[in-house]
1. Can you tell me which residue in region 99-111 is surrounded by the fewest Cβ atoms within 10 Å (Cβ to Cβ), limited to those that are touching a strand residue (DSSP E or B) at 6+ places or on another chain (Cβ under 7 Å) and at pLDDT below 85?
2. When residues of region 129-147 are filtered for being more than 10 Å from residue 100 (Cβ to Cβ) and either in a strand (DSSP E or B) or free of Cβ contacts under 8 Å to residues at least 40 places away in the same chain (or both), how many remain?
3. Consider only pairs whose beta carbons are under 7 Å apart and that are at least six residues apart or on different chains; among these, list those whose first residue lies in region 1-29 and is on the phi > 0 side of the Ramachandran plot and surrounded by 13 or more Cβ atoms within 10 Å (Cβ to Cβ) and whose second residue is part of a strand (DSSP E or B) and at pLDDT 60 or above.
4. Name the single residue, out of those in region 149-177 being assigned to a strand (DSSP E or B) and free of Cβ contacts under 8 Å to residues at least 24 places away in the same chain, that is surrounded by the most Cβ atoms within 10 Å (Cβ to Cβ).
5. All but one of (1) in contact with a strand residue (DSSP E or B) (Cβ under 8 Å, 6 or more places away or on another chain); (2) at pLDDT 80 or above hold for residue 96; which doesn't?
């Protein structure tokens, strides 16, 4: 760190998160904040100069959550194949149900990027703050006032151990021992 601050985006940005290699930051904006609808994920390539753009689904991608707002991005740990994986939430306008998805992220040449290989992992009305496990096999998230864990493949129902109630938008954090 040089102590120098660089403006990466203007407007109201939410949940900025760096890729495991520190080369990209993904964040989300509510459609009413920036006029981009329905996709509200953005990627910023860290460089000189930094460049940003919207994140969208590849046009031929089956299973992509289209015409929905995307939010709460979370990077998976770097894979041995060198690819990027994201978890994010998707919600249709005026709907109470949210869906937790995983997808492969392909960075754009000048910021932004494309998502492919979508997998819907879980649906519930009150999903928040997905976070990948250090090994990339599971995703923790808040559902209502509960902490839940689900397989990143969507195999099986989520496990929601009985713990003290969580505050709204409490982001789970993994630790490896």
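1. Initial filter on region 99-111 (touching a strand residue (DSSP E or B) at 6+ places or on another chain (Cβ under 7 Å)): 99-108, 110-111.
Those still in the list that are at pLDDT below 85 too: 108, 110-111.
Values: 108: 17, 110: 9, 111: 22.
Restricting to residues being touching a strand residue (DSSP E or B) at 6+ places or on another chain (Cβ under 7 Å) and at pLDDT below 85, the top hit is 110.
2. So the first thing to find is which residues in region 129-147 are more than 10 Å from residue 100 (Cβ to Cβ), and the list is 129, 131-138, 140, 142, 144-147.
Right, trim to either in a strand (DSSP E or B) or free of Cβ contacts under 8 Å to residues at least 40 places away in the same chain (or both) and you get 129, 131-132, 137-138, 140, 142, 144-147.
Summing the residues that are more than 10 Å from residue 100 (Cβ to Cβ) and either in a strand (DSSP E or B) or free of Cβ contacts under 8 Å to residues at least 40 places away in the same chain (or both) in region 129-147 gives 11.
3. 15/27; 15/28; 15/72; 15/73
4. Residues of region 149-177 assigned to a strand (DSSP E or B): 149-151, 159.
Within this subset, residues satisfying the condition of being free of Cβ contacts under 8 Å to residues at least 24 places away in the same chain are 149, 159.
Values: 149: 16, 159: 12.
Only one residue fits best here, namely 149.
5. Checking residue 96 against (1) in contact with a strand residue (DSSP E or B) (Cβ under 8 Å, 6 or more places away or on another chain); (2) at pLDDT 80 or above, the one that fails is (1).
The values are calculated or read from the model by the stated rules, or taken from the named source; none is laboratory data. Since we're looking at a predicted model, the values are computed, not measured. With ideal geometry, Cβ positions are generated from the backbone for all residues, glycine too; neighbour counts draw on all protein chains shown.
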